[in-house]
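Take a look at the structure set out below.
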Amino acid sequence: MIPIYSKIIEVIEETPSTRTFLFDVEFSDALPGQFAMVWVHGVDEVPMGISYKNGVTVQKVGDATSRMFELSEGDFMGLRGPFGNGFTLPSPNEKILIIAGGVGSAPLAPLAEEAKNIGADVDIFLGSRCRDELLFRDRFNKTGNLLIATDDGSEGKCGFVTDLLLDVDLGEYHRIHVCGPEIMMYRVFRILQDKNIHENAEFSMHRYFKCGIGVCGACCMDKLGLRVCRDGPVFNGKLLEDSEFGQYARGPTGGKYKF
Amino acid sequence: MIPIYSKIIEVIEETPSTRTFLFDVEFSDALPGQFAMVWVHGVDEVPMGISYKNGVTVQKVGDATSRMFELSEGDFMGLRGPFGNGFTLPSPNEKILIIAGGVGSAPLAPLAEEAKNIGADVDIFLGSRCRDELLFRDRFNKTGNLLIATDDGSEGKCGFVTDLLLDVDLGEYHRIHVCGPEIMMYRVFRILQDKNIHENAEFSMHRYFKCGIGVCGACCMDKLGLRVCRDGPVFNGKLLEDSEFGQYARGPTGGKYKF
Amino acid sequence: MNNMKVAGVNLKNPVILASGIMGTTGASLSRMAQSGAGGIVTKSIGPRPKKGHKNPSMVKLDFGYLNAMGLPNPSYSEFSEELRIAVEKSDVPVIASIFGGNAEEFVEVAEGLMGESPAAFELNVSCPHAEGYGASIGVDSCLVEAITAAVCHVVDVPVWVKLTPNVTDIVSVGQAAVDAGASAIVAINTVRGMAIDIYSGYPVLGNRFGGLSGDAIRPIAVKCVYDLYAALDVPIIGVGGISKWEDAIEMIMAGASAVEVGSAVYESINVLGDIARGIDTFLEDAGYSSVEEIVGLTHRRI
Amino acid sequence: MNNMKVAGVNLKNPVILASGIMGTTGASLSRMAQSGAGGIVTKSIGPRPKKGHKNPSMVKLDFGYLNAMGLPNPSYSEFSEELRIAVEKSDVPVIASIFGGNAEEFVEVAEGLMGESPAAFELNVSCPHAEGYGASIGVDSCLVEAITAAVCHVVDVPVWVKLTPNVTDIVSVGQAAVDAGASAIVAINTVRGMAIDIYSGYPVLGNRFGGLSGDAIRPIAVKCVYDLYAALDVPIIGVGGISKWEDAIEMIMAGASAVEVGSAVYESINVLGDIARGIDTFLEDAGYSSVEEIVGLTHRRI
Ligand SMILES: Cc1cc2nc3c(=O)[nH]c(=O)nc-3n(C[C@H](O)[C@H](O)[C@H](O)COP(=O)(O)OP(=O)(O)OC[C@H]3O[C@@H](n4cnc5c(N)ncnc54)[C@H](O)[C@@H]3O)c2cc1C
Ligand SMILES: Cc1cc2nc3c(=O)[nH]c(=O)nc-3n(C[C@H](O)[C@H](O)[C@H](O)COP(=O)(O)OP(=O)(O)OC[C@H]3O[C@@H](n4cnc5c(N)ncnc54)[C@H](O)[C@@H]3O)c2cc1C
Ligand SMILES: Cc1cc2nc3c(=O)[nH]c(=O)nc-3n(C[C@H](O)[C@H](O)[C@H](O)COP(=O)(O)O)c2cc1C
Ligand SMILES: Cc1cc2nc3c(=O)[nH]c(=O)nc-3n(C[C@H](O)[C@H](O)[C@H](O)COP(=O)(O)O)c2cc1C
Ligand code: FES
Ligand code: FES
């Protein structure tokens, strides 16, 4: 499968640092949590969570994402996917908690919507640096009970999204779905592990992807050698016990760097 | 499709010069008149009409066929097919004539049987050098009215199978199906063409096959460039008008030889 | 589609019948011309009659084809009549593919067919399974140069040289041909390959090994064409694994001025015309004005 | 399946993980060992950290895969820990694949990894898309000979040399490696290839071109192995397009003493074990007593 040449039909400025690109091509069978490889011709191809059936939501951080931010309606990118495994969907009447930090909202907003459709009860903890950077606040608002935390206190609780966890009975949730910066996810993991309920949680991991299709091994995590691109990116907390999660990761050379 | 390694489950001595090889592999969807490529490992691969769903009937003429005659039950050959286009099947109550010369009976016996099954009225003219060489006499006998001619007069009419044509009203037949030595088929063709009913007849042609799958062009007939292996081997008489039929053919080099 | 001139030949469209496909008789060649080809290449013809290898001579695999015909041909003296018929009965240019064991034999064959006015000669120095011919010669730049020069010297039509991918550096062989006067480089012939029937243990081809064609070799051909286009100043004719118009466009963007189609005739006798029409539609839909506009386009996408 | 000794290495079964597949970390390598491989080869490791090419670095085509990773690796000094883990955590031999730009660099890397006790070294002189490395070296018999000799001189385990098919004569390169002391020849690395996205005009790989693997190259690999087996006196390890046990048997009959499997891991992480079991069943059903019995069988079918 070579990337599909896809026309940008709309660019939405979601927050000062993130934009959604909608395409004339749909991943109609994508499950919440799956990702696409997004090819910026002549620059690079990078993984992005599928935030809409026909879109991805991008934070500008480097070469490829900066070039994307120069593109507008009518321009093209290459898309392939959906890849990887998505989040476990709830059953009707189950109660789930979604914990999103920063651009981690991208794969979680479709989950929240799908969960609501199914008839599940959805709580969302959404965190970001500041009020303006709260991604998909409206989408989350429509699907469940939204609690907010911002680093600078410009909205909701002042502090990290993890702080919101202290006030609730986490044992109430059938499942907890987490995506955001690794440090944040790891804090959540530790809190859940302390209560021995990390098995009820799913974390959407980020690692450096080369092939993106489960062959090269670039994205493998210690100690099980799990491929984030193929066995993940969503992993049950149980699988992340005693792993490199929160400790270190590998970059393009395969060399390690610490968090 | 590479040849299927096929075990010989029975060898039947049909006449002094022909043997049927039955295999543990079936061309279950083969139509009467289609052929298989039969691979004699280490020797050659040659075309053979499919005379039984799981068999071919072979006349010993050269390298490959001689080697086949050394093989017996439990030995193996490679088979691929069915290839080419078969004979047009009659409708119930149609009346057809089958004209078979020598090993030309191989693809025609299944046609006679199928025609009878369908409920058509089948006449067969069967010719050979002598009584012993009458191939599939019993099969034909069971499917319709069989008339015989032998070169030496040891059975039936003394002379060529074409002589049998003189005594019947050929216009009666919805379709006439012919297979045998080219000279014999061409005589039939001329007789039918004189009566302008060659369009009711089908001839199963032999030419030198290389690829056997319609690519190389080795088996093409003038002047239309028809591929015997793919457009044929069965051709309507109309297509053979003004062709090389009965005049010349091409051998392995592509060079012509005359009949 | 408008006529187009490529390497001295006026093609009806950029989709040419590859050598060795339906190329044995004048009638089969003109049938292919009528079925939509923009030009047709004959079976490779040599100095003496040759029966070719034993069967199986071609098998279809799931992802391509293997063949080892072994350059069967009746020699130029008998083939000239077929060539005459092909030229007479086709409204597209007929390119005579020829082979020999050395420059003298190539010249002998070219001179022997010259009288039938082929639009060009295509020198087969690339068939991978005919000892002493084809790729046995085409791996040696010096031989390729000498043979190309010798044929160019005696014929008054363009000379195309068809290369094998089974070399360390296809560009240097192409350069040798161009230096010697080739008007175009045709790339690629089949890739050396082999398949085994594991139940009998025998190689599947009568010749034991042969040449791989079809889908499997398209990425190899595209890369060869890409490299040749970057290095050489003559048109490149792209061959190898083209069975759809998309494949033809890919080859053209890599640098091919026209393409040849071989094994895909297995899928349909009309495949060349279908591809030519598909190219037209693509050009129109994408707003390109001609094939020329996209020749080598990928070299400009950086 | 019984253990078997091939080229100085005690394999658990004849199906080895190819280099560059799940080969970046000790954990991923030992995962593959547990999933049924008879031996495992690491990602190719070089003298200095290397990021590799930009993405897309691998695409699946209908009939194979194209990749251009560009030899990403953290250098031997950082990789030695991964190798240590792979050796410790795997119950099958771990073969260290290494590369460099010249004999000195190869020696530096080999010495740097020697302490972790790999079962053998595999010299990558065959990667088609890393300028100055891999096939840039592997097309030159003299360089291959010098590098092989230099590595053999400093290590006390078997040295396997992995060849590129993109040469005029793979046998002469193989012979050079054997003359220099190689214990086995591994054939083949990927075949140079390229694909173009016709809608954007861009080559599909970040590196523009790369190496073809998977089904498409099996007939090419089988022919290389067949020729190498006929000419050389060391075991041949067959690689290229093996995804089913039938493919492995084909390669073994062509002359391979063992096989390596790469891209097919795309289809299933357990594919190596599946192939190994399939080989066993085939041998039993066909009445062969061991893999050895059918190594090169096709050479005896005449
Ligand atoms: C499964 C998954 C889903 C993701 N979903 C989103 C999303 O929905 N929205 C979003 O904005 N970001 C997402 N990311 C992160 C996104 O891939 C990186 O931000 C992007 O690759 C940066 O590319 P760049 O060229 O702009 O940065 P570069 O200048 O190349 O590098 C900056 C940083 O980006 C990361 N990065 C670069 N290339 C890759 C790569 N090939 N694979 C992984 N990380 C890379 C590295 O951390 C690197 O240090 C996701 C990552 C993964 C693994
Ligand atoms: C469509 C078709 C169906 C046939 N059906 C039958 C059949 O049912 N029974 C039967 O006995 N024979 C049949 N034949 C003829 C049969 O193919 C030849 O008798 C056989 O190929 C001889 O092979 P050989 O190696 O023994 O002969 P060789 O020693 O190779 O040559 C003897 C003669 O056999 C013919 N021949 C050889 N190779 C081929 C080839 N590749 N293609 C075509 N002809 C060849 C040529 O006329 C040649 O002169 C058929 C031929 C065709 C084209
Ligand atoms: C059956 C067959 C016969 C061929 N004969 C010739 C030939 O005589 N001369 C030649 O130059 N190439 C010959 N070729 C090679 C083709 O012309 C072409 O280069 C090759 O098949 C790759 O193109 P394809 O993938 O479209 O088939 C032959 C190929 C096939 C399949
Ligand atoms: C993603 C990928 C990475 C590879 N990396 C290496 C490598 O680092 N060193 C090497 O010698 N071969 C490398 N190869 C080549 C394989 O080891 C193997 O030779 C080739 O892919 C053919 O086998 P296959 O068809 O089973 O994949 C790589 C192949 C792929 C697909
Ligand atoms: S990125 Fe290659 S295996 Fe995940
Ligand atoms: S034998 Fe090749 S086309 Fe008929």
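The values are calculated or read from the model by the stated rules, or taken from the named source; none is laboratory data. Since the model is a prediction, treat every value here as computed from it, not as a measurement. Every residue, glycine as well, gets a Cβ built from its backbone with ideal geometry; the counts of neighbours run over all protein chains shown.
Here are some notes:
- Flag if D:Asp233 is more than 15 Å from the chain's Cα centre (by Cα) and more than 9 Å from every other protein chain (Cβ to nearest Cβ): yes
- Checking B:Met1 against (1) modelled with pLDDT of 95 or more; (2) within 14 Å of chain C (Cβ to nearest Cβ); (3) within 16 Å of ligand 6 (Cβ to nearest atom), the condition it does not meet: (1)
- Scanning region A:16-68 for residues that are more than 7 Å from ligand 1 (Cβ to nearest atom), of a type in the set (Ser, Thr, Tyr) and within 18 Å of the chain's Cα centre (by Cα) yields A:Ser17, A:Thr20, A:Tyr52.
- Complete set of residues in region D:8-63 that are over 15 Å from the mean Cα position of the chain (by Cα) and among the polar types (S, T, N, Q): D:Asn10, D:Asn13, D:Thr25, D:Ser28, D:Ser30, D:Gln34, D:Ser35, D:Asn55, D:Ser57
- Subset of region B:237-257 (residues that are in a loop (DSSP other than H, G, I, E, B) and either within 16 Å of ligand 1 (Cβ to nearest atom) or within 11 Å of chain C (Cβ to nearest Cβ) (or both)): B:Ser243, B:Glu244, B:Gly251, B:Pro252, B:Thr253, B:Gly254, B:Gly255
- Qualifying residue in region C:97-106 (condition: part of a loop (DSSP other than H, G, I, E, B), within 8 Å of chain B (Cβ to nearest Cβ) and either on the phi > 0 side of the Ramachandran plot or buried (at least 22 other Cβ atoms within 10 Å of the Cβ) (or both)): no
- Entry remark, region B:218-236: residues being under 10 Å from B:Tyr208 (Cβ atoms) and either at the interface with chain C (Cβ under 8 Å from one of its Cβ atoms) or out of contact with any strand residue (DSSP E or B) (no Cβ under 9 Å at 6 or more places or on another chain) (or both) number 1 in total.
- Some residue of region C:108-120 being assigned to a strand (DSSP E or B) and touching a helix residue (DSSP H, G or I) at 6+ places or on another chain (Cβ under 7 Å): no
- Yes/no for C:Ile170 being surrounded by 24 or more Cβ atoms within 10 Å (Cβ to Cβ), in contact (Cβ under 8 Å) with a residue 12 or more places away in the chain and more than 12 Å from every other protein chain (Cβ to nearest Cβ): no
- With respect to (1) more than 10 Å from every other protein chain (Cβ to nearest Cβ); (2) outside any loop (DSSP other than H, G, I, E, B), the lone exception for C:Leu66 is condition (1).
- Scanning region D:203-238 for residues that are buried (at least 24 other Cβ atoms within 10 Å of the Cβ), among the β-branched types (Val, Ile, Thr) and in a loop (DSSP other than H, G, I, E, B) turns up just one, D:Val204.
- Scan of region B:111-126 for residues that are surrounded by fewer than 24 Cβ atoms within 10 Å (Cβ to Cβ) and part of a helix (DSSP H, G or I), ordered by number: B:Glu113, B:Glu114, B:Lys116, B:Asn117, B:Ile118
- Set side by side, the residues A:Val43, A:Val38, A:Val25 differ, and just one is hydrophobic (A, V, I, L, M, F, W, C) and without any contact (Cβ under 8 Å) to a residue 40 or more places away in the chain, which is A:Val43.
- Test result for D:Lys60, part of a loop (DSSP other than H, G, I, E, B), away from ligand 3 (no atom under 16 Å from the Cβ) and among the basic types (Lys, Arg): no
- Flag if B:Lys210 is surrounded by fewer than 23 Cβ atoms within 10 Å (Cβ to Cβ) and within 14 Å of chain C (Cβ to nearest Cβ): no
To keep it simple, each residue is scored yes or no on (1) of a type outside the set (Gly, Ala, Ser); (2) surrounded by 24 or more Cβ atoms within 10 Å (Cβ to Cβ); (3) touching a residue at least 40 places away in the same chain (Cβ under 8 Å).
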{"position": "A:Lys223", "(1), (2), (3)": "yes, no, no"}
{"position": "A:Val234", "(1), (2), (3)": "yes, yes, yes"}
{"position": "A:Gly237", "(1), (2), (3)": "no, no, yes"}
{"position": "A:Phe245", "(1), (2), (3)": "yes, no, yes"}
{"position": "A:Thr253", "(1), (2), (3)": "yes, no, no"}
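- Here A:Leu97 passes the criteria (1) more than 16 Å from ligand 4 (Cβ to nearest atom); (2) within 12 Å of another protein chain (Cβ to nearest Cβ); (3) surrounded by 19 or more Cβ atoms within 10 Å (Cβ to Cβ) except the one numbered (2).
- Apart from one condition, D:Glu81 fits all of (1) more than 19 Å from the chain's Cα centre (by Cα); (2) more than 12 Å from every other protein chain (Cβ to nearest Cβ); the exception is (2).
- As a summary of the residue check, C:Gly132 satisfies the conditions (1) within 14 Å of another protein chain (Cβ to nearest Cβ); (2) part of a loop (DSSP other than H, G, I, E, B); (3) more than 16 Å from ligand 6 (Cβ to nearest atom) except for the one numbered (1).
- Taken as a whole, region A:174-184 holds at least one residue that is under 29 Å from D:Ala33 (Cβ atoms) and either at pLDDT 95 or above or touching an Asp or Glu at 6+ places or on another chain (Cβ under 7 Å) (or both).
- C:Asp227 within 14 Å of chain D (Cβ to nearest Cβ) and of a type in the set (D, E, K, R): yes
- Residue identified as more than 26 Å from D:Asp140 (Cβ to Cβ), β-branched (Val, Ile, Thr), more than 16 Å from ligand 5 (Cβ to nearest atom) and surrounded by fewer than 24 Cβ atoms within 10 Å (Cβ to Cβ) among D:Val87, D:Val6: D:Val87
- Boolean, C:Ser268 is more than 20 Å from C:Ile220 (Cα to Cα) and either within 11 Å of chain D (Cβ to nearest Cβ) or not in a helix (DSSP H, G or I) (or both): yes
- Filter result for the condition that a residue is in contact (Cβ under 8 Å) with a residue 12 or more places away in the chain, assigned by TED's automatic domain parsing to the domain that holds B:Gly237 and either loosely packed, with under 15 Cβ neighbours inside 10 Å or of a type in the set (A, V, I, L, M, F, W, C) (or both), over B:Glu172, B:Glu155: B:Glu172
- Count - residues of region B:187-226 that are out of contact with any Lys or Arg (no Cβ under 8 Å at 6 or more places or on another chain) and away from ligand 2 (no atom under 16 Å from the Cβ): 13
- Applying the condition of being of a type in the set (Val, Ile, Thr) and without any contact (Cβ under 8 Å) to a residue 40 or more places away in the chain to region C:174-202 and asking which residue is surrounded by the most Cβ atoms within 10 Å (Cβ to Cβ) yields C:Ile196.
- Test: B:Phe160 is more than 16 Å from ligand 1 (Cβ to nearest atom) and at pLDDT 95 or above: no
- Taken as a whole, the structure leaves D:Val154 outside the set of residues that are buried (at least 20 other Cβ atoms within 10 Å of the Cβ) and touching a residue at least 12 places away in the same chain (Cβ under 8 Å).
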